[in-house]
């Protein structure tokens, strides 16, 4: 899809050039504006509003283009249904239809023409406001012109009626004529200034509207090419011999529908295989984690075995002492008794720690085995579906 940025750049450059030109003519423009500030101010307000509207028309194409690019990108990945289209204006009907048909999607030439006609109507609706504003600027310029001419005609008539043929000298008559011509000149200033601003504003909006139309036409052509790549051309039979021959030699309608259904089934199978591959990788990761847990359990068992061996060694070491205690039950001194008690406490603590570690490892092993069983059963159920 082509971006409308180059048209936006042209419009911005054109606006900047007009602002620079107006800056150099600022004094003359201010004098012309003050001849009739009401109409001229209205003309400038319409001009600014029109510039904003036309720029907005071009900027609204950007989310439409981004949606098409995201749709095509996600379609290649099999993620067509994840494209959001809530903010679309021009492609809203098309986006809703494409959202309902996930996967492989083809449209007939008639449906493509209907979508393009809908897009054309929406584009024309956006252009109507700018065209109306261009005409409104011309109308306001002519309105100010006729208003100024009417004021000029009335004031000229009043000046002529105020002049007398006799009873006044030439100096007083000239001063009266000079004073009376101020109003007609103001009327002419109103007429020419309104015409100047109105026609200039219409020319500015006209150029911007041309750029916006070119951007919209480029967008329309890109959408048409994109839909043409997904369209399905069908031949309708008629009464002439050539069409009957094409119908006889061509593919029947039911075969064509069967081929489309087969293609959709293949696409669905491909997506299912893709999901199965992802599940297989997830299952392999679970097996790897289980192997790590089993290795940790084996290491812990070895550690426990070493601890039990130490306990056995300790019990062997204290066997002679026990025999000695049996022979001389009253012959042990206090340090020896204290030492024996501490050894007994240490042995009990070691046995308790070993039992707790064994229970904890057994619990972890049971939980891991349950998780693995659930994962395997879920994978089997999905493959059956």
Condition check for residue 81: in a helix (DSSP H, G or I) and either modelled with pLDDT under 85 or under 22 Å from residue 132 (Cα atoms) (or both): yes
What about residue 43, is it touching a residue at least 40 places away in the same chain (Cβ under 8 Å), surrounded by 11 or more Cβ atoms within 10 Å (Cβ to Cβ) and closer than 25 Å to residue 194 by Cα? yes
Report the residue count in region 11-56 for those that are more than 38 Å from the chain's Cα centre (by Cα) and in a helix (DSSP H, G or I). 18
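The values are calculated or read from the model by the stated rules, or taken from the named source; none is laboratory data. Small disclaimer: the values here were computed from a predicted structure and weren't measured. Cβ atoms come from the backbone with ideal geometry, glycine included; neighbour counts cover every protein chain shown.
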